[in-house]
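Undergrad: Here it is, the structure, as structure tokens.
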Amino acid sequence: MIQDLIQEFEHEVNSTRKLLQAIPEKDLGYKPSEISWTMGELAQHIATIYYWYVGALTQDIYDMAADHFKRGDANDIKATLAFFENNVEKARTALNSLTEEKLKDDWIMKAGERVVLGPMPRGIVARGFLFNHIYHHRGEMIVYLRATGNKVPGMYGPTYEESK
């Protein structure tokens, strides 16, 4: 199972990188509605999820309130890309430290005293909270890119824009 997760991680990191690299600086302030994130904030969130791999894969109880990290400027795509790359390295290290037994261990996410997720087996956390969470927000980013007239890079084969 771990080798499958690592292979998927490596493949999907490349897809996420292509997507983030497709974001033009000029559109970072775009938001589709009043309650939505800006494109830059969404990009920062995607990059941040890779940071959460460390807490999810190496700690039994991850307290987001106690974990302090510095994001870059959401209006600077280069800073977001650097943040992403740094977090990918941390995520890769955490993923490679896993054992099959650790995948079965229960995990909890807290924000101070409030339980946000769990308890649930770490393997479920890896798939549901980490991997699928990224895929969900990448889908949103594709909508943002298309809404602003930008090209979407192919991640699972050519996109509509690439086939024209």
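Undergrad: As a footprinting exposure proxy, order W37, W52 by other Cβ within 10 Å, with the fewest listed first.
TA: Working: W37 18, W52 23.
Going from least to most buried by this count: W37, W52.
Undergrad: What distance in nm separates the simple spin-label points at Q21 and I61, each placed 7 Å from Cα in the Cβ direction?
TA: About 4.2 nm, to one decimal.
Undergrad: Arrange the following residues from fewest to most other Cβ atoms within 10 Å of their Cβ: S15, S97. Mind showing how you got there, number by number?
TA: On the way: S15 16, S97 12.
Arranged by neighbour count, lowest to highest, S15, S97 become S97, S15.
Undergrad: In nm, to one decimal, how far is the E10 label point from the S163 one, both placed 7 Å along Cα→Cβ?
TA: 2.9 nm
Undergrad: Taking 22 Å as R0, compute the FRET efficiency from the Cβ-Cβ separation of M155 and E85 and round it to 0.05.
TA: Details: r = 18 Å, r/R0 = 0.81.
With a Förster radius of 22 Å, E is 0.80.
Undergrad: I would also like to ask the following. Would you please give the residues with an amide H less than 5 Å from that of Y62, counting only those at least 5 places away or on a separate chain, with H modeled from the backbone geometry?
TA: Here the answer is I108, M109, K110, since their amide H atoms fall under 5 Å of that of Y62.
Undergrad: Of I23, I49, I124, which is the most mobile in a GNM of the chain whose springs link Cα atoms less than 10 angstrom apart?
TA: Between I23, I49, I124, it is I124 that shows the largest mean-square fluctuation.
Undergrad: Could you grab the Rg to Rh ratio for the chain? Cα atoms only, Kirkwood for Rh. Mind showing how you got there, number by number?
TA: Working: Rg = 16.4 Å, Rh = 16.6 Å.
Taking Rh as the inverse mean 1/r over Cα pairs, Rg/Rh reads 0.99.
Undergrad: While we're looking at this one, here's another question. Please list the non-local residues whose amide H lies under 5 Å from the amide H of M120, H modeled 1.01 Å from N, same-chain partners needing a gap of 5 or more.
TA: W107
Undergrad: Note down the net charge around V152, summing +1 for each Lys or Arg and -1 for each Asp or Glu among other residues with Cβ under 9 Å from its Cβ.
TA: Surrounding charge for V152 is 0.
Undergrad: List, in order, the whole-Hz ³J(HN,Hα) value for each residue of the stretch 117-128 obtained from phi through the Karplus relation with A = 6.51, B = -1.76, C = 1.60 and θ = phi - 60°; use x for Gly and Pro.
TA: Calculated HN-Hα couplings, in order: 9, x, x, 7, x, 4, x, 5, 4, 4, 6, x Hz.
Undergrad: Among K26/K90; K18/K110; K70/K90, which pairs are too far apart, with a Cα-Cα distance over 20 Å? All intermediate terms of the calculation are to be shown ahead of the outcome.
TA: Values: K26/K90 29 Å; K18/K110 32 Å; K70/K90 14 Å.
Correct reply: K26/K90; K18/K110.
Undergrad: Based on DSSP H runs of at least 4 residues, each adding -39500 (n - 2.57), what is the mean residue ellipticity at 222 nm of the chain after dividing by all its residues, to the nearest 500 deg cm²/dmol? Please list the in-between numbers first.
TA: On the way: 6 runs with 85 residues, N = 164.
Rounded to the nearest 500, it is -17000 deg cm²/dmol.
Undergrad: Could you tell me the convex hull volume per residue, in Å³, taken over the Cα atoms of the stretch 1-80? Before the final figure, lay out each step's value.
TA: On the way: hull volume 9.8 nm³, N = 80.
Here the figure is 122 Å³ per residue.
Undergrad: Can you list the DSSP H helices in the chain whose Cα atoms extend at least 24 Å along the helix axis and whose mean Kyte-Doolittle hydropathy is 0.0 or higher? Let's see the in-between values first.
TA: Details: long enough: 2-21 (28 Å, -0.68); 39-58 (30 Å, 0.54); 77-96 (28 Å, -0.11).
For the chain, where a helix must reach 24 Å along its axis and average at least 0.0, the hits are 39-58.
Undergrad: So how do T80, T159 line up by other beta-carbon neighbours within 10 Å, fewest first?
TA: Details: T80 26, T159 16.
Taking fewest neighbouring Cβ atoms as first place, the list is T159, T80.
Undergrad: Would you mind working out the magnitude of the charge dipole of the chain relative to its Cα centre, with +1 at each Lys and Arg C-beta and -1 at each Asp and Glu C-beta, to the nearest 20 Debye?
TA: Numbers: 19 positive and 23 negative charges, 68 e Å.
The dipole magnitude comes to about 320 debye.
Undergrad: Still on this structure: Under 10 Å, Cα contacts only: if you run a Gaussian network model on the chain, which one of V125, V115, V13 comes out with the highest mean-square fluctuation?
TA: V115
Undergrad: Based on the alpha-carbon gyration tensor of the stretch 69-164, what equivalent-ellipsoid semi-axes (square roots of 5 times the eigenvalues) come out, in whole Å, largest first?
TA: 31, 18, 15
Any read-out appearing in this document is the output of simple, stated calculations on the displayed coordinates, not a laboratory observation. Given the structure is predicted, the values throughout are model-derived calculations rather than measurements. With ideal geometry, Cβ positions are generated from the backbone for all residues, glycine too; neighbour counts draw on all protein chains shown.
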